[in-house]
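Please treat every number below as a calculation from the coordinates, not as lab data. Source: prediction; values computed, not measured. Counting neighbours? That spans all protein chains shown, and the Cβs are built from the backbone with ideal geometry, glycine included.
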Amino acid sequence: MRALLPLSMLGLALANPYAGPAAAQGVPTFDLRLFAERQAILQQTDRDLALQQDRLSREEELAEIERQQLASLNGLMDSMSLGTGDVAGTVAGLEAGQGATDGVESAASSLYAPEDNNPAAARMFGDAREGIEALIIRAARDTHGLPGVSRAGLSLVQWRCLIQALIWQESRFQIGARSPAGAFGLTQIMPGTASDLGINPAYYDDPYLQVTGGARYLAQMLNMFDGNIIHGLAAYNAGPGNVQNYGGVPPFAETQHYVVVIPQQYNSYLATVGGIDALGTIDPVLLANASFSLSAHGAGVYGDYSLVSVRAAALRVQDIITRINETEDLHEAIALNTYARAELARLVAIRTRIKAAHTEPLSAEQIAMAAAQAAERQYMDFTLETLQ
């Protein structure tokens, strides 16, 4: 059986009518199968070369990535070294602060002391805070030894009752009471008199100075007028010059009223106060309002001082952030970041105290309102009496 020629070979045979005789004469013939095999080998070789080139490119890319990784790791190892920075010294410097800011130390030991060093803290928090009666009692004890008091022959209880009656008339126990003439506080001391007593301007923020200042001035007037309580009270109200000029109580309506109502209130307190430490001697409504006044005034003073403290704390945070940006190694940066977190916790403590100071007068106000409503109930009884 004769083999059939491929179409390509058949085409060549048809195109070259002399091919047959040439083959017979020893001319090499075209081996299509061998050509196809060699062509396939060449194509496979090209594919192998392309694959090897692709692998080489990938190896080069991996080598470059590895080089970059090694460079990054070397940099990280360098940054992880302890370096030459004095971390302990840096932290100690931050703890020491930058001195005083508006009179408030920026040192952590002072600014974040366990005991609140705010001047109004004792009035706002803890067992040490005083009510208005306790404040009057303390002031009476501290001023009872003045010459004018002994010259008037007043016992400690009597002196306490006289001071309490004076405050009742002057301010109705309101800490921040201010007259049109400029007299201020529980005992309505004029700024000039406060300066003479050495308590100006501190008495604006300190109710104890208001009470003791008024007690000291009244004792001076009693001493000036030979222990005469009426003349001493008149001098407290109208000035000693007017009492001297008129030879007694001046004919001013206010002063005339003043020297009558205070002795009346004094006698009322004297009948109620059983001892120097007696409490509950002030009208409940006035007492509740006085408590609100103490809390509100204390919160205001606390807030004013806290603003300075917050400013000092902000400067400390600014110093920490500045030093973090100037760090030379990772160890120091981590230490300063940890210190910054601790500083944040300290600031939260300050904020908590400020919020507590804000809440205190709100509670006192509610008590004052409740006391006023309770006092009004006695006038709201419309029960008809049964006629016999």
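Search segment 207-228 for residues that are at positive phi and pair each with any residue that is surrounded by 20 or more Cβ atoms within 10 Å (Cβ to Cβ) when their beta-carbon atoms are under 6 Å apart and the residues are at least 6 apart or on different chains.
That search, which allows pairs on different chains as well, returns Gly227/Ala152.
Please find, among Val285, Val260, Val243, the residue that is under 45 Å from the mean Cα position of the chain (by Cα) and either assigned to a loop (DSSP other than H, G, I, E, B) or aliphatic (A, V, I, L, M) (or both).
Going through Val285, Val260, Val243 in turn, the sole match is Val285.
For segment 160-199, name all the residues that are free of Cβ contacts under 8 Å to residues at least 60 places away in the same chain, in a loop (DSSP other than H, G, I, E, B) and buried (at least 24 other Cβ atoms within 10 Å of the Cβ).
Hits for segment 160-199 are Gly185, Leu186, Thr187.
How many residues are buried (at least 17 other Cβ atoms within 10 Å of the Cβ) and of a type in the set (Gly, Ala, Ser) if we restrict to segment 147-159?
Qualifying residue count, segment 147-159: 2.
Name the residues in segment 205-253 that are surrounded by fewer than 24 Cβ atoms within 10 Å (Cβ to Cβ), out of contact with any Ser or Thr (no Cβ under 7 Å at 6 or more places or on another chain) and among the small types (Gly, Ala, Ser), would you?
Residues satisfying the conditions are Gly227, Gly239, Gly241, Gly247, Gly248, Ala253.
For segment 200-227, enumerate the residues that are within 29 Å of the chain's Cα centre (by Cα) and part of a loop (DSSP other than H, G, I, E, B).
Asn200, Pro201, Asp205, Asp206
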